[in-house]
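Enquirer: Structure provided below as structure tokens; questions to follow.
The values are calculated or read from the model by the stated rules, or taken from the named source; none is laboratory data. Here the structure is a predicted model, which is why all the values come from computation and not from measurement. We place every Cβ from the backbone using ideal geometry, glycine too, and count neighbours over all the protein chains shown. Please note that ligands, DNA and RNA were not included when accessible areas were found on the heavy atoms of the full protein model with its side chains. Shrake-Rupley method; radii C 1.70, N 1.55, O 1.52, S 1.80 Å.
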Amino acid sequence: MRSSAITISPAQQKELLGAAQAAAHRAYAPYSGFRVGAALLLEGGEVVAAANVENASYGLSICAERSAIVRAIAQHAPKLRIHAVVVTNLNNAPSSPCGACRQMLSEFMPPDGIVIFPFDGIPGTLIHSLTLAELFPVGFNLAHAE
């Protein structure tokens, strides 16, 4: 059992899951067919969701988590703080955020921020909930010089 200063209610979790699922339905994934949605809960209570967007040159593709972060910055400015993120997919597959997404989340999310994702790939069963620190214990960090 983790001791997180950040908590989200079951209603917030349900709202985030619904937003992530709706975003996954809008994913652009013609190459892999792996359609992912992510929903962020921002510090002020706003929810921002987005989907993965693939490209024929796979390196130019963007994951749903990073897509949501970029959207949140465009809507709310770069000083935003993320309290929680829910990730889901339409492929009934386990899918924690990839390393690049974990690093990107660490830029805008405190270590006790909550990350929720499908754990076993069986529809309607286990989801995993960890703090960002549990999921990504040693991220790349530059000291912000002033």
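Enquirer: Limited to the stretch 1-57, what total is found for residues that are more than 20 Å from MET104 (Cα to Cα) and among the acidic types (Asp, Glu)?
Expert: Matching residues across the stretch 1-57 total 1.
Enquirer: What number of residues within the stretch 12-25 are surrounded by fewer than 16 Cβ atoms within 10 Å (Cβ to Cβ) and at pLDDT below 95?
Expert: Residues meeting the conditions: 1.
Enquirer: Within the stretch 93-101, identify whether any single residue is touching a helix residue (DSSP H, G or I) at 6+ places or on another chain (Cβ under 9 Å), surrounded by 17 or more Cβ atoms within 10 Å (Cβ to Cβ) and either at pLDDT 95 or above or on the phi > 0 side of the Ramachandran plot (or both), and answer yes or no.
Expert: yes
Enquirer: Can I ask one more? Against the definition (at pLDDT below 95 and open to solvent by 80 Å² or more (accessible area, probe 1.4 Å)), how does TYR28 come out, yes or no?
Expert: The answer is no for TYR28.
Enquirer: Turning to a different aspect of this structure: With respect to the numbered conditions (1) closer than 16 Å to ALA20 by Cβ; (2) open to solvent by 50 Å² or more (accessible area, probe 1.4 Å); (3) among the charged types (D, E, K, R), which one is the sole condition not fulfilled by GLU65?
Expert: With respect to (1) closer than 16 Å to ALA20 by Cβ; (2) open to solvent by 50 Å² or more (accessible area, probe 1.4 Å); (3) among the charged types (D, E, K, R), GLU65 is out only on (2).
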